[in-house]
Amino acid sequence: MELLAPAGSWNAFIAAVQNGADAVYVGGQNFSARQYAQNFAMQQIKEAADYAHIRDRKIYVTVNTLIDYEEFGPALDYIYELHILGVDAVIVQDLGLVKAIQKTIPGMKIHASTQMTIHNSYGALFLREQGIKRIVLARETSLRELEFICKELSDVEFEVFIHGALCYSYSGQCLFSSMVGGRSGNRGRCAQPCRLPYDLYSQISKQRIDVKGRGQHLLSPSDLALLENLPLLKKAGVSSLKIEGRMKRPEYVAIVTRTYREALDLFAQNPAYIISPEAKNDLRKIFNRNFSTGYLFEERNNFLSSKKPNNQGVYIGRVVDQTQDLMANIQLSDTVKPGDYLEIWIKQGKGPVIELKEIITNGKKVDSAGRGEVITVQLETRVASDDKVFKIHDEELLSTEANNMHLDTASRVGITVDAYLKQDTPLRLVFTDEKGNQVEVLSNSKAQLAEKYPLDKHSLKGKIDRLGNTPFRLDGLSLYTEGDLMIPFSEINDARRRGCEQLEQLLLQPYQPAFTDKGKYQQLKKDMLGSKGYRQNREVTPVISIIVSGIEPAYAAMKSGAQRVYIALEGISKNGCVHIDELETLIELAHKNNCEIVPALPRIQKDAEIHDWDKLLNINIDSIMAGNHGALKWCLNRGLKTRADYSLNVFNPVTLDYLLEIGVKSICLSPELNFTQLKKFHNMDKAEVVIHGELVIMVSQFCMLSGMLGDPRKKCPGHCIKDRYFIKDEKGYEFPVETDSYCRFYLFNSRTLCMLSYLQQLLSLKAGSLRIEARRSNEQEITQVIKIYRQVLEQLKNGQKPDLDCSKKELARVSSSAFTKGHFYRGVL
């Protein structure tokens with residue numbers, strides 16, 4: 001299995017290679033999902049690619065954000081340059097960009113990002129048919145699911161995360177940061193609102209719910225650590241093991257990469273390998289939010305780090321007491337040294353963090369203190385006896401790693417040099433690397449008889465071993481000479497330099513791209529993008545569509561005049577479950593009322609669930625909506641009239657066109673698009689735009705209600721059935737939460753999207769459908785919202801001036817929250 005390490009800076013990249021990574025993934029200055037990392041300029045990427053390839057390692061570059069249409073040209077130019085540099089693959093989220101790369105830069109390998117939310121075999125099969133050879137699976141994929149997917153698609157490489165931060169939401173399905181602060185995770189600028197504190201409230205009583213000291217960080221997962229589960233991943237058929245951490249410091253990359261490298265090497269020697277306590281402790285020392293096995297197994301006891309959302313460090317003791325002048329005595333259970341940072345966990349609020357500039361024990365200054373000893377520290381705040389103390393910065397560990405980065409002999413390529421010296425002929429040096437690659441160079445001058453000091457092996461080694469600025473390490477030297485001969489040292493140095501340069505070029509030669517015709521690339525790009533970006537001018541009367549949960553809300557929507565009603569099949573809310581016989585009756589009635597009923601498949605469908613809705617094939621459905629790539633494949637394979645939900649993240653006309661090409665009938669565009677971006681779309685008669693309602697901003701496989709209110713060792717008592725809930729942030733914003741019939745967790749925006757006042761501008765887009773989100777809405781709200789939007793649209797159509805203020809006040813009376821314009825004007829970063 002490949003060990004794949006992260007690098008957000010040059011030093012982190014070097015640390016990854018030196019400590020045993022088989023491949024490293026980096027981000028450039030643009031189009032990367034970690035825009036707040038230091039990232040790499042193009043020249044650095046070239047240097048990194050050469051550095052990796054000479055050492056027989058690989059380098060992947062992330063281009064894993066959604067691409068705006070105006071960015072398509074620059075993004076393709078950027079990827080073409082990466083291709084010329086010999087980058088091994090690009091990691092991509094945007095499906096339109098995937099197709100554009102394939103059309104314009106043949107030969108550029110593409111890995112599907114975890115941002116594509118591939119979580120079932122149908123989704124993987126869909127991408128395989130698009131030419132994708134490696135897929136980064138969703139972190140939510142269990143071991144059993146991994147085994148099934150890898151077996152079903154044995155010709156595809158699957159990459160999984162094994163260590164580092166976990167997102168609470170499925171990657172690619174989170175709009176939290178985007179909607180709250182305009183910083184989109186899909187554009188690489190997530191502000192991590194999931195790591196903030198929240199209180200849990202009852203929707204019914206409006207009272208705060210006591211979570212019994214479990215903390216306020218309700219959406220903050222522990223870090224993933226699968227160090228002891230590598231044999232299971234190997235057996236499942238995983239190809240690449242990925243460490244998260246492009247925002248982490250180089251020392252973190254070094255320690256984590258080396259720990260997993262050593263574990264893989266141990267496993268190769270002995271399948272029953274045992275990880276040393278020291279290795280586990282080093283992982284905790286460098287950074288941890290507590291560790292869990294994530295979603296690999298059904299048991300998720302330590303999934304949330306709800307008390308502390310950042311580095312927890314390692315436990316090193318407790319407070320014994322504190323004097324009036326705030327001097328605290330701490331009894332240690334582990335060693336501390338000067339330069340370490342300690343954090344004291346107090347019962348309320350954030351505890352003090354202190355740097356140990358000196359160690360005082362028994363009134364004396366010492367170099368270190370260990371288990372059982374008591375140290376005295378000066379604090380600025382009051383703490384309590386028995387408060388826990390954690391070391392969150394281990395100075396010795398970090399200093400050791402920092403020093404090791406300057407000693408790169410382990411990552412150098414071992415070479416042997418054979419030197420042949422014969423009178424009146426040039427010195428011949430033969431360089432051979434560990435794999436048998438070989439080059440030969442001759443000196444410019446010829447060997448002569450030595451008057452005093454003939455060249456010997458010791459003197460020759462002193463010149464040949466000067467490899468400091470090269471990627472090589474001298475492992476062996478042989479000198480074959482006929483008599484007492486000499487050659488100027490300058491000639492030896494020159495031959496050595498040329499030999500190293502030629503060997504470097506030989507090692508880089510396999511990575512040279514086959515497609516390098518820039519003129520042809522430019523023409524292919526022009527052919528692909530040249531016809532895009534125009535707008536069709538034909539008039540379109542948009543359909544009013546609405547998505548609801550449950551049969552009764554669907555009846556209310558139909559009776560109120562909705563022309564298309566999506567019924568969400570995942571079963572959000574108590575009344576959300578849908579039975580086929582009820583659906584069939586509703587469809588028959590809808591046909592008589594000129595209304596289209598569209599079953600909307602869940603955006604998350606595990607392989608064990610994807611056939612739950614096969615029975616839809618037995619009734620006369622007009623069309624069906626897919627919320628993930630696997631569902632798209634399932635629907636198209638069965639010849640169904642297929643519509644695509646906004647969870648597929650269609651952010652540009654290229655992706656829209658591609659989905660239409662493969663047979664999708666209509667596509668709901670990303671709610672992160674603004675008016676300016678929407679105006680760039682053509683084929684808008686096939687597009688749908690969300691104009692009203694509560695947006696789902698998170699979908700999670702982990703139910704926070706069970707995690708915070710239940711006993712993880714026991715069966716869930718059904719908290720979601722007993723009450724309805726919302727979480728409240730420190731600013732007072734309330735975010736409704738729901739679960740579905742698969743026990744998945746949904747977070748909704750604290751504000752209701754309302755574009756009633758801007759319908760005239762929306763009509764100018766000539767979209768085929770204007771959609772209302774009403775997954776949580778009751779029949780009264782659904783009826784009123786449809787009625788008002790229909791009325792205003794009809795007045796605009798007839799050239800009348802609607803009373804928008806009055807209509808908006810009517811909407812506000814039935815809305816569960818205040819209104820927002822979403823991203824229609826501000827857009828996302």
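The values are calculated or read from the model by the stated rules, or taken from the named source; none is laboratory data. No experiment lies behind these values; they were computed from the predicted model shown. Positions of Cβ are generated from backbone atoms using ideal geometry, with glycine treated the same way; all protein chains shown enter the neighbour counts. The area values use the complete protein model at the heavy-atom level, side chains included, leaving out ligands, DNA and RNA. Shrake-Rupley method; radii C 1.70, N 1.55, O 1.52, S 1.80 Å.
Here's the yes/no breakdown for (1) at pLDDT below 95; (2) open to solvent by less than 40 Å² (accessible area, probe 1.4 Å); (3) within 24 Å of residue 23 (Cα to Cα):
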site	(1), (2), (3)
263	no, yes, yes
286	no, yes, yes
296	no, yes, yes
301	yes, no, no
308	yes, yes, no
333	no, yes, no
343	no, yes, no
347	yes, no, no
350	yes, no, no
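Does the range 63-93 hold any residues that are more than 21 Å from the chain's Cα centre (by Cα), acidic (Asp, Glu) and closer than 13 Å to residue 49 by Cα, and which are they?
81
So which of 82, 125 ends up being open to solvent by 30 Å² or more (accessible area, probe 1.4 Å), in a helix (DSSP H, G or I), of a type in the set (A, V, I, L, M, F, W, C) and at pLDDT 95 or above?
None of the other options fit; the residue is 125.
If the requirement is being touching a His at 6+ places or on another chain (Cβ under 9 Å) and of a type in the set (A, V, I, L, M, F, W, C), which of these qualifies: 296, 326, 304?
304
Give the residue, chosen from 747, 793, that is more than 36 Å from the chain's Cα centre (by Cα) and in contact (Cβ under 8 Å) with a residue 60 or more places away in the chain.
Sole residue among the options that is more than 36 Å from the chain's Cα centre (by Cα) and in contact (Cβ under 8 Å) with a residue 60 or more places away in the chain: 793.
Does the range 672-682 contain any residue that is at pLDDT 95 or above, open to solvent by 10 Å² or more (accessible area, probe 1.4 Å), in contact with a strand residue (DSSP E or B) (Cβ under 6 Å, 6 or more places away or on another chain) and of a type in the set (S, T, N, Q)?
No, because not a single residue in the range 672-682 is at pLDDT 95 or above, open to solvent by 10 Å² or more (accessible area, probe 1.4 Å), in contact with a strand residue (DSSP E or B) (Cβ under 6 Å, 6 or more places away or on another chain) and of a type in the set (S, T, N, Q).
So which of 68, 94 ends up being closer than 19 Å to residue 828 by Cβ and touching a Ser or Thr at 6+ places or on another chain (Cβ under 7 Å)?
Values: 68 fails: touching a Ser or Thr at 6+ places or on another chain (Cβ under 7 Å).
Selected residue: 94, the only one of 68, 94 that is closer than 19 Å to residue 828 by Cβ and touching a Ser or Thr at 6+ places or on another chain (Cβ under 7 Å).
Criterion first (under 20 Å from residue 693 (Cβ atoms), buried (at least 23 other Cβ atoms within 10 Å of the Cβ) and touching a Cys at 6+ places or on another chain (Cβ under 8 Å)) does residue 773 satisfy it?
No; evaluated as a whole, the condition is false for this residue.
Those residues that are among the aliphatic types (A, V, I, L, M), in a loop (DSSP other than H, G, I, E, B) and in contact with a strand residue (DSSP E or B) (Cβ under 6 Å, 6 or more places away or on another chain), I need them from the range 726-773; list them, please.
Result: 755, 767.
Can you tell me which of 254, 268 is open to solvent by 40 Å² or more (accessible area, probe 1.4 Å) and assigned to a helix (DSSP H, G or I)? Please lay out each step first, then the result.
Working: 254 fails: open to solvent by 40 Å² or more (accessible area, probe 1.4 Å).
Criteria check complete, one pass: 268.
When the range 387-419 is examined, which residues are found to be open to solvent by 40 Å² or more (accessible area, probe 1.4 Å), in a helix (DSSP H, G or I) and under 16 Å from residue 55 (Cα atoms)?
Selection gives 409, 410.
Tally up the residues in the range 774-792 that are assigned to a helix (DSSP H, G or I), of a type in the set (A, V, I, L, M, F, W, C) and over 18 Å from residue 821 (Cβ atoms), please.
Qualifying residue count for the region: 2.
Quick one: would you say residue 109 is open to solvent by 10 Å² or more (accessible area, probe 1.4 Å), modelled with pLDDT of 95 or more and under 23 Å from residue 530 (Cα atoms)?
On the way: open to solvent by 10 Å² or more (accessible area, probe 1.4 Å): yes; modelled with pLDDT of 95 or more: yes; under 23 Å from residue 530 (Cα atoms): no.
Spelling it out, it is not the case that residue 109 is open to solvent by 10 Å² or more (accessible area, probe 1.4 Å), modelled with pLDDT of 95 or more and under 23 Å from residue 530 (Cα atoms).
Do the conditions hold for residue 779, that is, is it in contact with a Leu (Cβ under 7 Å, 6 or more places away or on another chain) and surrounded by 16 or more Cβ atoms within 10 Å (Cβ to Cβ)?
Here the answer is no, as residue 779 does not meet what is asked.
Quick test for you: out of 183, 189, 139, pick the one residue that is of a type in the set (Lys, Arg), touching a helix residue (DSSP H, G or I) at 6+ places or on another chain (Cβ under 8 Å) and surrounded by 23 or more Cβ atoms within 10 Å (Cβ to Cβ). Quick ask: steps written out before the conclusion?
On the way: 183 fails: surrounded by 23 or more Cβ atoms within 10 Å (Cβ to Cβ); 189 fails: surrounded by 23 or more Cβ atoms within 10 Å (Cβ to Cβ).
Criteria check complete, one pass: 139.
Looking at the range 792-800, can you tell me whether even one residue there is at pLDDT below 95 and touching a Ser or Thr at 6+ places or on another chain (Cβ under 6 Å)?
No, because not a single residue in the range 792-800 is at pLDDT below 95 and touching a Ser or Thr at 6+ places or on another chain (Cβ under 6 Å).
Give 364, 391, 357 a once-over and let me know the one that is under 32 Å from the mean Cα position of the chain (by Cα) and among the basic types (Lys, Arg). Lay out the reasoning, then the answer.
Values: 364 fails: under 32 Å from the mean Cα position of the chain (by Cα); 357 fails: under 32 Å from the mean Cα position of the chain (by Cα).
Criteria check complete, one pass: 391.
Which one is farthest from residue 413 (Cα to Cα), of the residues in the range 479-498 that are open to solvent by less than 50 Å² (accessible area, probe 1.4 Å) and touching a strand residue (DSSP E or B) at 6+ places or on another chain (Cβ under 6 Å)?
Among residues in the range 479-498 that are open to solvent by less than 50 Å² (accessible area, probe 1.4 Å) and touching a strand residue (DSSP E or B) at 6+ places or on another chain (Cβ under 6 Å), the one farthest from residue 413 (Cα to Cα) is 485.
Just one of (1) buried (at least 19 other Cβ atoms within 10 Å of the Cβ); (2) touching a helix residue (DSSP H, G or I) at 6+ places or on another chain (Cβ under 9 Å); (3) under 21 Å from residue 688 (Cβ atoms) trips up residue 750, so point out which.
Status for residue 750: all satisfied but (3).
What number of residues within the range 634-657 satisfy the criterion of being in a strand (DSSP E or B) and more than 11 Å from residue 600 (Cβ to Cβ)?
Of the residues in that region, 1 qualify.
For residue 660, work out the one condition from (1) crowded, with 18+ Cβ neighbours inside 10 Å; (2) outside any loop (DSSP other than H, G, I, E, B) it doesn't fulfil.
Tallying (1) crowded, with 18+ Cβ neighbours inside 10 Å; (2) outside any loop (DSSP other than H, G, I, E, B), residue 660 fails exactly one: (1).
Name the single residue, out of those in the range 2-32 being open to solvent by 10 Å² or more (accessible area, probe 1.4 Å) and among the small types (Gly, Ala, Ser), that is nearest to the chain's Cα centre (by Cα).
Restricting to residues being open to solvent by 10 Å² or more (accessible area, probe 1.4 Å) and among the small types (Gly, Ala, Ser), the top hit is 9.
Tell me, which residue of the range 445-478 that is closer than 13 Å to residue 497 by Cα and in contact with a strand residue (DSSP E or B) (Cβ under 8 Å, 6 or more places away or on another chain) is surrounded by the fewest Cβ atoms within 10 Å (Cβ to Cβ)?
Within the range 445-478, the match that is surrounded by the fewest Cβ atoms within 10 Å (Cβ to Cβ) is 465.
Would you mind telling me which numbered condition in (1) touching a residue at least 24 places away in the same chain (Cβ under 8 Å); (2) out of contact with any Leu (no Cβ under 6 Å at 6 or more places or on another chain); (3) more than 17 Å from residue 394 (Cα to Cα) residue 252 fails?
Of (1) touching a residue at least 24 places away in the same chain (Cβ under 8 Å); (2) out of contact with any Leu (no Cβ under 6 Å at 6 or more places or on another chain); (3) more than 17 Å from residue 394 (Cα to Cα), only one is false for residue 252: (3).
Residue check, residue 155 against (1) surrounded by fewer than 22 Cβ atoms within 10 Å (Cβ to Cβ); (2) of a type outside the set (A, V, I, L, M); (3) within 28 Å of residue 746 (Cβ to Cβ), all met but one. Which one?
The number of the failed condition is (3).
What about residue 788, is it out of contact with any Asp or Glu (no Cβ under 9 Å at 6 or more places or on another chain) and open to solvent by less than 80 Å² (accessible area, probe 1.4 Å)?
So residue 788 does not fit the description; no.
Using the structure shown, decide if residue 807 is open to solvent by 20 Å² or more (accessible area, probe 1.4 Å) and polar (S, T, N, Q).
Details: open to solvent by 20 Å² or more (accessible area, probe 1.4 Å): no; polar (S, T, N, Q): yes.
Answer is no for this residue.
Can you name the condition, by its number, that residue 207 falls short on among (1) more than 18 Å from residue 94 (Cβ to Cβ); (2) among the polar types (S, T, N, Q); (3) within 18 Å of the chain's Cα centre (by Cα)?
(3)
In the set 289, 318, 300, which member is under 29 Å from residue 199 (Cβ atoms), in contact (Cβ under 8 Å) with a residue 60 or more places away in the chain, in a strand (DSSP E or B) and of a type in the set (Lys, Arg)?
318
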